[in-house]
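Taken together, the values in this text are just the output of simple stated rules run on the coordinates, not laboratory data. Just so it is clear, the model here is predicted, and its values are computed rather than measured.
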Amino acid sequence: MNTNGETPGMQPLLHFLELIAAAEAPAGVLSAVQDYLNAWPKERVANLQRVDGGWAPFDQDQTPSQVENVADLKRFRYAVRSQCVALQQARLQLTPEIMELDEILFIALQLTESMKVPEFKTRAPAARNGSRLLNLL
């Protein structure tokens, strides 16, 4: 812990959580997640890759994959979550890197799903007998 009572690395994490929370649309969440992944130092990625078997969201060169749409975010979230479950079932300890990544992706996915705009149902055309006004109400 530092003099502020925070563990090292908490400031960047809090910054990215704030960016995700401040997003007003899914594109803002995706951009914040991409910034978060881009900020990972190579040594952190290496620590993650020791337990992940080399799957997304980082490639073999420790470069983050692109989060271009909500489907990418879902794919990364479910891959990370599945790895966490598999490690827990094998009674292996989760690293701080995988736990943090799991939580960030969970929060980001929940937020994007809560931002979905409801689909408008198409309505049958109004009858020409004066009931059009009633259909608009």
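Estimated at 0.36 nm per residue, the fully extended path between Q110 and Y78 surpasses their Cα-Cα distance by 10.3 nm.
Under 5 Å from the amide H of F58 lie the amide H atoms of S65, each residue being 5 or more positions distant or on a separate chain, with H modelled from the backbone and absent for Pro and chain starts. Here the extension length gained between Q89 and H15 equals 23.4 nm, from 0.36 nm per residue of separation less the Cα-Cα distance.
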